[in-house]
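Here the structure comes first, spelled out in structure tokens, and everything after it is commentary.
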Amino acid sequence: MQKHFRLRNALFAGLLLAAFGCSSHTHRTTDFNVDSAIAYCSRQAIKTLEMLSDVDSIPNTIDKGQKKWQYAHVGSWTCGFWPGTLWYLYEATQDTVWLHAAKNVTRILLPEAYRKARSHDSGFIMMPSVGNAYRLTGDTMYAQALHHAADSLAELYNPKVGTILSWPGMVKKMNWPHNTIIDNMMNLELLFWSAKNGGNKWLYDVAVKHAETTMKYHFRADHSCYHVAVYDTLDGHFIKGVTHQGLADSTMWARGQAWAIYGYTMVYRETRDVRFLEVACQSADAYLRRLPEDMVPYWDFDAPMSPLLPPKDASAAAVTASALIELSGYVNDEIKSRHYLDVAIAMLENLSSSAYQSGTVNTAFLLHSVGHMPRGREIDASIMYADYYYIEALLRLRTVNKGG
């Protein structure tokens, strides 16, 4: 009852705080046991390691009711999340079993850094895997790969539009001359990293311009975002906003809104431009206002509630929780800052409950994520990127609790 009351208060506070403006602050104490949650992740990941047929197998999803992982192929947008999860486990525990496993899987992804970018997904592939590898080891082999991947990703940038092309294959298939999806905000981190670590300085400008253009055209009046923005290639004008994975063009797809919150929080970190902080806050408030009581969204905020409740998306909750922990450290207003942190903790508390943790069901961390609802793929499934952002959020909260 006390936990339920706290969650209701956290949501109510979000409504009151929506008008506050978006730096440092003090944090509440919490009885949520981060170390216990990380230990659970370690136990589950050990089970996954033991069931893999070989080191080159990259766990991706477990369908509802199943126990075995389906694997991602090298080059798919999700292939970096398993090695990224291993790197986070090494960071969390300093156990060399995770270091060796992370190195082995990251090794097989390195050639992707030297191939021509086929879509915007280079950041998703490289930063969780190779990016964390470099951050935790300092091995220049990883840095070299990141620079190559960033340069390749930037080749998809269209200066007339001011964004990176997301899906070249959709140009003819869907008649989307230049398409940019909100997910692409996540991939800008690769460009920022390279520009700030000895790479081409122009990459910083590309990332900033992409964020500016997306900020201008990708959001509706209520600060919810389109999944896809379509632009003309001749003069760069915005044609329309549509969806690909959401319910409809006008609805708020949960994971897409989570990408917006996380992406603009990251862009503010890299630029300290308050315009991007404002977008991050607006995106977060639009998301929080519409959350159900357990703090885990339905796959689309506008999905019909009958005759059956729509599937939840734990992956969107994990992404948002991680983003809000970081965002809470940037906003000036202490009340709003504490609110973001409190709701992030509440999200992690619920994701760490028996309702969402896999336990004996399978060897993933989390249940109840949605990959691609319109195509009927990965519905109410365990998905590796949900696990990745869940453990990232746990590590971020542990740092906050230690005063970092």
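The values are calculated or read from the model by the stated rules, or taken from the named source; none is laboratory data. Remember, predicted model here, so these are calculated numbers, not experimental data. Here the Cβ is made from the backbone with ideal geometry for all residues, glycine too, and neighbour counts use every protein chain on show.
State yes or no: is residue 268 more than 26 Å from residue 379 (Cβ to Cβ) and of a type in the set (Phe, Trp, Tyr)? Yes.
Reported count of residues in the range 328-375, each being β-branched (Val, Ile, Thr) and out of contact with any strand residue (DSSP E or B) (no Cβ under 9 Å at 6 or more places or on another chain), is 5.
Okay, residues lined up against (1) more than 13 Å from residue 77 (Cα to Cα); (2) touching a Leu at 6+ places or on another chain (Cβ under 8 Å):
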{"site": "98", "(1), (2)": "yes, yes"}
{"site": "105", "(1), (2)": "yes, yes"}
{"site": "123", "(1), (2)": "no, yes"}
{"site": "135", "(1), (2)": "yes, no"}
{"site": "138", "(1), (2)": "yes, no"}
{"site": "141", "(1), (2)": "yes, yes"}
{"site": "147", "(1), (2)": "yes, no"}
{"site": "151", "(1), (2)": "yes, yes"}
{"site": "154", "(1), (2)": "yes, yes"}
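Residue 48 fulfils the conditions (1) surrounded by 16 or more Cβ atoms within 10 Å (Cβ to Cβ); (2) assigned to a loop (DSSP other than H, G, I, E, B); (3) at pLDDT 95 or above except for a single criterion, (2). What about residue 343, is it of a type outside the set (Asp, Glu), under 15 Å from residue 258 (Cβ atoms) and either modelled with pLDDT under 95 or buried (at least 17 other Cβ atoms within 10 Å of the Cβ) (or both)? Taking the combined requirement at face value, the residue satisfies it. Comparison of 331, 343, 319 shows that the only residue that is part of a loop (DSSP other than H, G, I, E, B), of a type in the set (Val, Ile, Thr) and on the phi < 0 side of the Ramachandran plot is 331. Exactly one residue among 333, 294 is acidic (Asp, Glu) and in contact with a Cys (Cβ under 8 Å, 6 or more places away or on another chain), and that residue is 333.
Would it be correct to say that residue 137 is polar (S, T, N, Q), surrounded by 15 or more Cβ atoms within 10 Å (Cβ to Cβ), farther than 29 Å from residue 168 by Cα and touching a helix residue (DSSP H, G or I) at 6+ places or on another chain (Cβ under 7 Å)? The answer is no for residue 137. Considering the range 227-275, and only residues there that are assigned to a strand (DSSP E or B) and in contact with a helix residue (DSSP H, G or I) (Cβ under 7 Å, 6 or more places away or on another chain), the residue that is surrounded by the fewest Cβ atoms within 10 Å (Cβ to Cβ) turns out to be 238. Among residues of the range 30-49 that are of a type in the set (Val, Ile, Thr), those with a beta-carbon under 6 Å from a residue that is assigned to a helix (DSSP H, G or I) at least six positions away or on a different chain give the pairs 30/345; 34/394; 34/397; 34/398; 38/92; 38/394.
The condition of being within 30 Å of residue 274 (Cα to Cα), under 25 Å from the mean Cα position of the chain (by Cα), at pLDDT 75 or above and surrounded by 15 or more Cβ atoms within 10 Å (Cβ to Cβ) holds for only one of 71, 88, that being 88.
Screening residue 298 with (1) touching a strand residue (DSSP E or B) at 6+ places or on another chain (Cβ under 9 Å); (2) over 25 Å from residue 380 (Cβ atoms) gives one miss only, at (2). Every test in (1) touching a strand residue (DSSP E or B) at 6+ places or on another chain (Cβ under 9 Å); (2) within 21 Å of residue 175 (Cβ to Cβ) is passed by residue 235 save one, and that test is (1).
Rundown of residues vs (1) out of contact with any Asp or Glu (no Cβ under 6 Å at 6 or more places or on another chain); (2) modelled with pLDDT of 95 or more; (3) buried (at least 24 other Cβ atoms within 10 Å of the Cβ), yes/no style:
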| site | (1), (2), (3) |
| --- | --- |
| 351 | yes, yes, yes |
| 355 | yes, yes, no |
| 369 | no, yes, yes |
| 378 | yes, yes, no |
| 388 | yes, yes, yes |
| 399 | yes, yes, no |
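In the range 179-225, the qualifying residues are those that are among the charged types (D, E, K, R) and assigned to a helix (DSSP H, G or I), and the one that is farthest from residue 248 (Cα to Cα) is 196.
Among the residues making up the range 292-311, those that are under 20 Å from residue 344 (Cβ atoms) and either crowded, with 16+ Cβ neighbours inside 10 Å or among the basic types (Lys, Arg) (or both) are 294, 295, 296, 297, 298, 301.
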